[in-house]
Every structure is written in structure tokens, then in C-alpha cells.
Amino acid sequence: MAQTVHRWLVRHLEHLTQEQLKKFKLHLVDNLPRGSLEGADHRKVADLLVSSHRQQEALKIALNIWEKMGLLELWERAKKGLHFVDQHRDQIISRVTAVDMILDKLYHKFLSNEDYEHIRAEKTNPDKMRQLFSFSTSWDRNCRDYLYEVLKETHPHLMNEIQNTQKHQ
């Protein structure tokens, strides 16, 4: 499960009152398996949302519902709280090609020799990126900022495209 997104969802869903959570779940009915939300608490709702949708889609669904519910303060806080690389994890995983170059730049700075070798042992670039993101769950904002800068340096066209797409949504 996508830990970063899951934690983000739980953290923000916990700000909802019971009545707001009930309304949130009503909005989710079309997005999750029938009956799965019955009796679900904040954590279970996050579990269901992340396990039923790609990360980026789960984020969009939650943000759209909060906006529809008029929870604009929560919507703003939630939108600002998630780092760019976490918001666009799926696109980054599927489209980054120069993974070894990224790993080389992260090596010794944020990746131990063991982590570096473990990631490099993966067969495909998406698997390598998935593995890198699995290690990133313990990273702080500075680490994520550095990864973002490395991605901008190694994949400028991809990062520009993602940023431009984000601006027009």
C-alpha cells in the first residue's frame, strides 16, 4: 500500500467530524465497492480509497470531495501538505527512464549502499522507482525536495509536463 498517501489521507480524514465523515463516505459510494464503507472509520476509509485507486486518483477523489463539501480550509491545508513527488508518484514511477542516474545522485546522500544495491537489482525502471519510493516513506521534506531537484535535472521535460498539467487542472 502506498504509505505516504495513506498516512496523508488518514491524517486529513481525522480532521472530519463524524457527520462530515458520513457525508464524505456518501460521496465515495460511486468510487468504492458497494457496502465496503459501512461502519468504516477514518483509517478504513483511507485503506479502501488507496487500495481501490491509484495514488494520484485517490488524492484527487479526496480533494474533490472536500471541495464539494465546502471544506475549503481542509482542502487547502491538504493540498499544500503533500509534496509534489508524492502527489505525482504514479506518473513519476511509470515515466522516469534514467533511474540509475537518479540513484547515483541519491547514493550516500539519502541511500545507503545496501538500499542502492537493492533498488538497482530490480529488473525494470518502474520497479526500481517503486522500490525507491518505498524507501522514501521515511524521508523528510528536505529529502523529497532533493529528489524533486534531481528529477528536474534528469527529466526536465517530464517534470515540466507534470507541472503544466497540474496548473491546468
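For the reader, a short list of remarks on this structure follows.
- Any hit, segment 139-152, residues being within 13 Å of the chain's Cα centre (by Cα), farther than 29 Å from ASP30 by Cβ, in a helix (DSSP H, G or I) and of a type in the set (S, T, N, Q): no
- Yes/no for LEU106 being in contact (Cβ under 8 Å) with a residue 60 or more places away in the chain, in contact with a Leu (Cβ under 9 Å, 6 or more places away or on another chain) and over 30 Å from HIS15 (Cβ atoms): no
- Each residue in segment 95-119 was checked for being hydroxyl-bearing (Ser, Thr, Tyr), over 19 Å from ARG141 (Cα atoms) and either modelled with pLDDT under 95 or outside any helix (DSSP H, G or I) (or both), and 1 pass.
- Qualifying residues in segment 111-144 (those that are touching a residue at least 40 places away in the same chain (Cβ under 8 Å) and among the charged types (D, E, K, R)) - the one farthest from ASP86 (Cα to Cα): ARG141
- Any helices (runs of 4 or more DSSP H) falling wholly within segment 1-83 and containing at least 2 residues that are under 18 Å from the mean Cα position of the chain (by Cα) and at pLDDT below 90: 3-13, 42-52, 55-68, 72-81
- Segment 1-30 residues that are within 11 Å of ASP47 (Cα to Cα), paired with ones that are assigned to a loop (DSSP other than H, G, I, E, B) and not charged (D, E, K, R) (beta carbon under 8 Å, 6 or more apart): VAL5/LEU82
- Selected residue (criterion: farthest from LEU106 (Cα to Cα)) from residues of segment 121-151 that are among the basic types (Lys, Arg) and surrounded by 14 or more Cβ atoms within 10 Å (Cβ to Cβ): ARG130
- Of residues in segment 66-81 being crowded, with 19+ Cβ neighbours inside 10 Å and not small (Gly, Ala, Ser), the one farthest from LEU16 (Cα to Cα): TRP75
- Residue match in segment 105-117 (condition: charged (D, E, K, R) and not assigned by TED's automatic domain parsing to the domain that holds ASP140): no
- LEU147 satisfies every condition listed in (1) in contact with a Phe, Trp or Tyr (Cβ under 9 Å, 6 or more places away or on another chain); (2) at pLDDT below 95; (3) within 26 Å of LYS80 (Cβ to Cβ) except (2).
The values are calculated or read from the model by the stated rules, or taken from the named source; none is laboratory data. Everything quoted here is computed from the prediction, not taken from an experiment. Quick reminder, even Gly has a Cβ in these numbers, built from the backbone with ideal geometry, and neighbours come from all protein chains shown.
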